[in-house]
């Protein structure tokens with residue numbers, strides 16, 4: 001089994017800017033990430049996971065300004081509802097901005113977004129200067145990777161490195177809530 005270089009934040013940003021897929025720790029599991037504005041990178045990530053484009057992907061950010069190009073902001077009281085849970089492990093389905101490509105949002109009128117409180121993920125978004133795709137590091141039929149060795153076992157040389165850092169300690173992936181209806185789509 002090949003061993004990936006553990007990347008520091010600067011190395012991870014370099015790989016993201018070059019259009020590559022990397023793995024990084026999140027609140028509960030390792031995630032696969034790439035630049036959501038790079039169609040080739042997003043399609044590579046979808047192929048690695050065996051995930052249909054129609055399903056859509058989650059974006060994480062270090063602050064709301066990084067999400068603004070991707071969301072259509074409803075009235076301020078609804079946005080404030082999401083902001084009360086951020087930064088934190090709650091993913092919200094916001095109405096998607098008109099320019100958001102289907103390869104990111106899938107067949108949905110909404111887009112899944114989260115402002116993460118997990119420090120390595122936050123630092124990565126800050127250094128990259130933008131939101132990132134965040135999808136659990138596993139093939140769609142497998143359990144999410146909880147350590148670098150599992151990431152390596154799943155993806156071998158198909159990714160360009162793993163950001164060094166600990167998981168955030170959560171036992172389950174983030175809760176998903178619909179902003180417009182208030183419904184909980186997935187328990188956290």
Next item on the list: Please figure out what share of the DSSP beta bridges in the chain is antiparallel and state it in percent, rounded to the nearest 5.
Entry: 60 percent
Checklist line | Three-way shape label, segment 103-188, alpha-carbon gyration tensor, a/c 1.5 | finding: prolate
Margin query: Restricted to Cα positions, what overall size does segment 1-86 have along the principal axes? Three whole-Å values, descending.
Written below: 50, 29, 24
Next item on the list: Treat each spin label as a single point 7 Å out from the Cα along the C-beta direction, and report the residue 17 to residue 102 distance in nm.
Entry: 3.3 nm
Notebook entry, point to check: Label residue 68 and residue 158 with points 7 Å out from Cα along Cα→Cβ: what is the distance between them in nm?
Noted result: 3.7 nm
Item checked: For the chain: relative contact order, % (alpha-carbon pairs under 8 angstrom, 6 or more apart) -> 36 percent
Next item on the list: At q = 0.16, 0.18 Å⁻¹, work out log10 I(q)/I(0) for segment 6-186 with the Debye formula, treating every Cα as an identical point scatterer and leaving solvent out; two decimals please.
Entry: -0.90, -1.17
Note to self: Need one number: nm distance between label points at residue 55 and residue 109, each 7 Å from Cα along Cα→Cβ, rounded to one decimal.
What the structure shows: 2.4 nm
Check: Which semi-axis lengths, in whole Å and largest first, follow from the square roots of five times the eigenvalues of the Cα gyration tensor of segment 86-126?
Finding: 23, 11, 7
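Read the figures in this text as sums done on the coordinates, not as results from a lab. Remember, it's a predicted structure, so these values are computed and weren't measured experimentally. Heads up, the Cβs are rebuilt from the backbone with ideal geometry, glycines too, and the neighbour counts pull from every protein chain shown.
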